[in-house]
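**Student:** One structure, pasted below without further comment.
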Amino acid sequence: MNPLSVVARTVCNLFAWFLAVFGIYVIVHGHLTPGGGFQGGAVVATFMAFLLVAHGGRKMQSWVRKELFTLMECVGLTIFISAGLLGMSNTFFFNFLAKAGGLFGSTVPLGPNPGALNTSGTIALMNLSVGLEVVGGLSMILLYMFSGVHPEEPFGREETGHDR
């Protein structure tokens, strides 16, 4: 697929970063607002789709390595399963970090508050891991789909070969 015009590429380059930041916001605030790891991961993967369409498949495939997205997928899945297994002293996916202090385990303040990010326990950790998983998986799918696009082949060509 050929790149778009300079104006379209510039607009996509500017707007794509807003998509990435908004997707990360949705992932991080998933336990406080509607959204979460899957929705935010899909928004961040849309960032990759934007850049693929704007710059063309060949150029983007030279910029990005598929191994990075495979690693993101593996790390996200490993963190998710590990968080589920670490609570096995009670039940699978037990929220063992809740009210434990530290990064994810602060107690929820009384009264109205704008949303304390570090009060969810393992839920935020699982949102982050699902976000990594979805970004890696969907971006990998997009890269493989764009690697199969051949703009020089005409559409509607007759099939030849195996039945004759």
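No lab work stands behind these numbers, since they all come straight from the coordinates. From a predicted model like this one, the values you see are computed outputs, not experimental measurements. Don't worry about glycine lacking a Cβ; one is built from the backbone with ideal geometry, like all the others, and counts go over all protein chains shown.
**Student:** Between residue 42 and residue 70, what FRET efficiency follows from the Cβ-Cβ distance if R0 is 22 Å, with the result rounded to 0.05? It would help to have the intermediate numbers written out before the result.
**Tutor:** Values: r = 18 Å, r/R0 = 0.83.
It comes to 0.75.
**Student:** If we count other beta carbons within 10 Å of each Cβ, what is the order of 38, 18, fewest first? Can you show the working numbers first?
**Tutor:** Numbers: 38 17, 18 10.
With the fewest neighbours first, 38, 18 line up as 18, 38.
**Student:** Mind ranking 65-72, 124-131, 5-12 by how tightly packed they are, going by the mean number of other C-beta atoms within 10 angstrom, highest first? Write down the numbers at each step before the final one.
**Tutor:** Values: 65-72: 14.4, 124-131: 23.4, 5-12: 12.2.
The most tightly packed comes first, giving 124-131, 65-72, 5-12.
**Student:** To continue, here is another question. How many nm is it between the label spots at residue 15 and residue 81, if each spot is 7 Å from the Cα in line with the beta carbon?
**Tutor:** Between residue 15 and residue 81, the label points sit 3.9 nm apart.
**Student:** Give me the tail of P(r) for the stretch 6-147 as a percent: Cα-Cα pairs with distance above 23 Å. Display every interim value, and only then the final one.
**Tutor:** Numbers: 4308 of 10011 pairs.
Value for the stretch 6-147: 43 percent of Cα pairs lie more than 23 Å apart.
**Student:** Let me ask something else. For the pair residue 61/residue 92, report the inter-label distance in nm, with labels modelled 7 Å from Cα in the Cβ direction.
**Tutor:** Rounded to a tenth, the inter-label distance reads 3.9 nm.
**Student:** Among 51-63, 25-37, how do they line up by average Cβ neighbours within 10 Å per residue, starting with the highest? Show your work: numbers first, answer last.
**Tutor:** On the way: 51-63: 17.3, 25-37: 18.9.
Most protected by this proxy first, the peptides run 25-37, 51-63.
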